[in-house]
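The values are calculated or read from the model by the stated rules, or taken from the named source; none is laboratory data. This structure is a prediction, so every number in the text was calculated from the model and none was measured. All Cβ positions, even for glycine, are placed from backbone atoms using ideal geometry, and neighbour counts span all protein chains on display.
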Amino acid sequence: MNVERLNVIREVLSSSPVASQDELRRKLRRRGIQVTQATLSRDIHQLRVSKGPGGYSLPNGHAAPAEEDDQAPSVVEMMNSFGLRVVQAMNQVVLSTVMGGAQPVAAALDRAEWPQIVGTIAGDDTVLVICGDARQAAEVGTRLRSMLEP
């Protein structure tokens, strides 16, 4: 289903302008594909879709076939796509993301298995990163903030 869904997303983005993830989700639903916000965010990232003033667009007008891009996105890629702000609070780091970006970022952090991170909790636009102590939280915060810098 993943490859089929990615192909339909490519088709929708190639055929008409799409201004938001919600609009894309509605267009997919009309084609018989039900998708959650988190899954759609991952798909958009996997296809390397970008959002500009005119809405979403595929890279160079096309995307790599789904079979070629089977590796999960890294923390750096997720932070570049969704990260907005990082704040430390004692042994925790609060990471603000764009709407719908928290779960993909938390999943990337979980996959990365950074030794300082005990666990993550994701809402819609906020990730709570729990660390072993304040020193480890400072390290994680610094590392995440460096990913947000241009």
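No other residue among E113, E67 is among the acidic types (D, E), modelled with pLDDT under 90 and surrounded by fewer than 13 Cβ atoms within 10 Å (Cβ to Cβ) apart from E67.
Per-residue answers, yes or no, for (1) over 16 Å from Q46 (Cα atoms); (2) modelled with pLDDT of 90 or more; (3) part of a helix (DSSP H, G or I):
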site: A63; (1), (2), (3): no, no, no
site: Q71; (1), (2), (3): no, no, no
site: E77; (1), (2), (3): no, no, yes
site: L84; (1), (2), (3): yes, yes, no
site: G100; (1), (2), (3): no, no, no
site: V105; (1), (2), (3): no, yes, yes
site: R135; (1), (2), (3): yes, yes, yes
site: T142; (1), (2), (3): yes, yes, yes
site: S146; (1), (2), (3): yes, yes, yes
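Number of residues in the range 107-117 that are within 17 Å of P73 (Cα to Cα), in contact with a helix residue (DSSP H, G or I) (Cβ under 9 Å, 6 or more places away or on another chain) and part of a loop (DSSP other than H, G, I, E, B): the value is 1. Of all the residues in the range 23-56, those that are under 17 Å from S81 (Cα atoms) and within 16 Å of the chain's Cα centre (by Cα) number 16.
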